[in-house]
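> Structure incoming, see below.
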Amino acid sequence: MLRNIKISQAVDWPTILMYIVLVIMGWISIYGASYDFEHPSVFDFDQNAGKQLLWIGSCVFICISLLMIDSRIYDVFAYFIYAAALVLLILTVLFAPEIKGSKSWLVLGPVRIQTVEIAKFATGLALAKFMSRYNFRLKGFKNYLPVLLLIITPMALVLFQKEAGSALVFLAFFLMLYREGMPGVLLYLAGCCVILFIIVIKFGSDLLQPTADSIGAILAVFFIIITQLGFLFVFTKNLKQIKYIGLGYVFVIVIALVVNLIIPVSYLYFLAVAMFLSVLYLSWLSIQLRAKPYVLIALFTIGAVAYAYSSDYLFTSVLQPHQQMRIEVLLGMQNDPTGAGYNVNQSKIAIGSGQFLGKGFLNGTQTKLKYVPEQDTDFIFCTVGEEYGFWGSVLVLGLYLAFLLRLLHMAERQRETFSRVYGYGVVSIFFFHFAINIGMVLGLAPVIGIPLPFFSYGGSSLWGFTILLFIFLRLDASRLEKMR
């Protein structure tokens, strides 16, 4: 017989307490970042701090409502919520006005809604619904394709809104897929794509016009070769074949060095021939030994080369000019302290000026004089660093870490697949937002314009993160209600 437990007894109160603390700390930071000497009242609803207070008040109603709803509703209506989110994304693409170069806000009278925030928890619910089917395993093309479509569809619609940063958030769901059985090699391949992308962008001209000292092209090829040999070692354990292919590369490099003593010729041509021969050899081994890993490694080699040569096109054609400039500044290709690099430079100055103890509440000169653009939204963390210094920053980071670890613990203790999959999706989204936002404020990641959960000003983001979290809290509470 099912136990009769009240929701107040079943809900995870430590997580709710951390949520409340984060929201309050975020509101205080917004007040400090947007403080106006002529309008100092926290209840001035024409100022950002006052508006955020209204959004926080509305979140109380949202939290209670989500906890009161029967948890089975989220499972039953998961696909309907997902479909509604896609409709909102499409309407945003078609009818939203362009604001700051993007069409991400759907205007409904006096209210503006950023529909991507709805799409995040809707996608999490849809993935949980699909992956909780009876006897589902994350194996085979027929299972991978629907899962990928569920992720890529809203991601593509957000890209049409010219919001590349928000679109990248959906990649966080691949961390959840890894927990549910996706091979780790796919995450490694994603990392390879990032590394190759950086090499190509930083040394792009070397790939298109190879010379004897084309550093960029040679670096890209060497990276592909090392990864190819690493895959051979991990997936085949055939040291004999690894030795043959490795010695083949060494032989080609020696020939290239000798030839260049006579006439300057790009080493890239020799390495390209060596890679082509290695692909033929791996394909032959696959047929001879009837082993699939060899042909998959050969396909990786071909795909990596094709990706390296297409990365420049992706960079120039898919990303907006201001996004290209931000990446170039991050990679040290451009020095633009008054343009694309201005936000990050001023943010680092603000954080550094806080030193160990900080300047104190409302005493930050960088924030009060509005040197940091978007300081109460995307760059809210610089206010924490300036006003509360190193100790305050560590406190906020420690609280976020505890919050993420608690969510991980909750996700792992779920008895039902639906709740576990959704829980790991929640953890992945929060982790992505936290890591990228802090990284871009510190100059460790490109500025892609995503908010810091519960801290950044904005009603849509606060609502989105609150709904995302409290749906999971309701699902977690239901596990006790269903204990026998």
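> How large is the Kirkwood hydrodynamic radius of the chain, counting all unique pairs of alpha carbons, in Å? Please list the in-between numbers first.
Numbers: mean 1/r = 0.0398 Å⁻¹.
Computed over Cα pairs of the chain, the Kirkwood hydrodynamic radius comes out at 25.1 Å.
> Reachable aspartates and glutamates from Lys202, Cα under 19 Å, same-chain residues fewer than 8 places away excluded?
Cα-Cα hits under 19 Å: Asp213, Asp312, Glu328, Asp336.
> Any idea which of Phe173, Asn238, Ile436 is furthest toward the positive side of the dipole for the chain, if Lys and Arg beta-carbons carry +1 and Asp and Glu beta-carbons -1?
The Cα lying farthest towards the positive end belongs to Asn238.
> Here's something else I'd like to know. Among Asp376, Asp12, which comes first, then next, by fewest other beta-carbon atoms within 10 Å?
On the way: Asp376 24, Asp12 17.
If I rank by nearby Cβ atoms, fewest first, I get Asp12, Asp376.
> Round to the nearest 10 and give me the degree value, 0 to 90, for the angle of helix 115-131's Cα axis relative to the longest principal axis of the chain.
70
> Continuing with the same structure: Sum -39500 (n - 2.57) across every DSSP H segment of at least 4 residues in the chain, then divide by the residue count to get the 222 nm mean residue ellipticity, nearest 500. Let's see the in-between values first.
Numbers: 21 runs with 342 residues, N = 484.
Rounded to the nearest 500, it is -23500 deg cm²/dmol.
> Still on this structure, please answer the following. In the range 1-160, if every C-alpha pair distance is counted and binned at 10 Å from zero, what percent goes to each bin?
P(r) for the range 1-160, in whole percents per bin: 8, 24, 31, 25, 9, 2, 0.
> Taking Cα atoms, how many degrees apart are the long axis of helix 459-481 and the longest axis of the chain, rounded to 10 and kept between 0 and 90?
90
> If each residue's Cβ is checked for other Cβ atoms within 10 Å, how do Ser456, Ser311 rank with the fewest at the top?
Working: Ser456 25, Ser311 20.
Listed from fewest to most nearby Cβ atoms, that is Ser311, Ser456.
> Leu94 versus Leu247, label points 7 Å from Cα toward the beta carbon: distance in nm?
6.6
> Using 0.36 nm per residue, how much length does the chain from Arg137 to Phe77 gain when fully extended, once their Cα-Cα distance is taken away? Before the final figure, lay out each step's value.
Working: separation 60, 0.36 × 60 = 21.60 nm, distance 2.23 nm.
Full extension from Arg137 to Phe77 adds 19.4 nm.
Every read-out reported here was derived from the displayed coordinates using simple, explicitly stated rules and does not represent laboratory data. All values reported here derive from a predicted model rather than from experimental measurement. Note: ideal-geometry Cβ built from the backbone for every residue, glycine included; neighbour counts use all protein chains shown.
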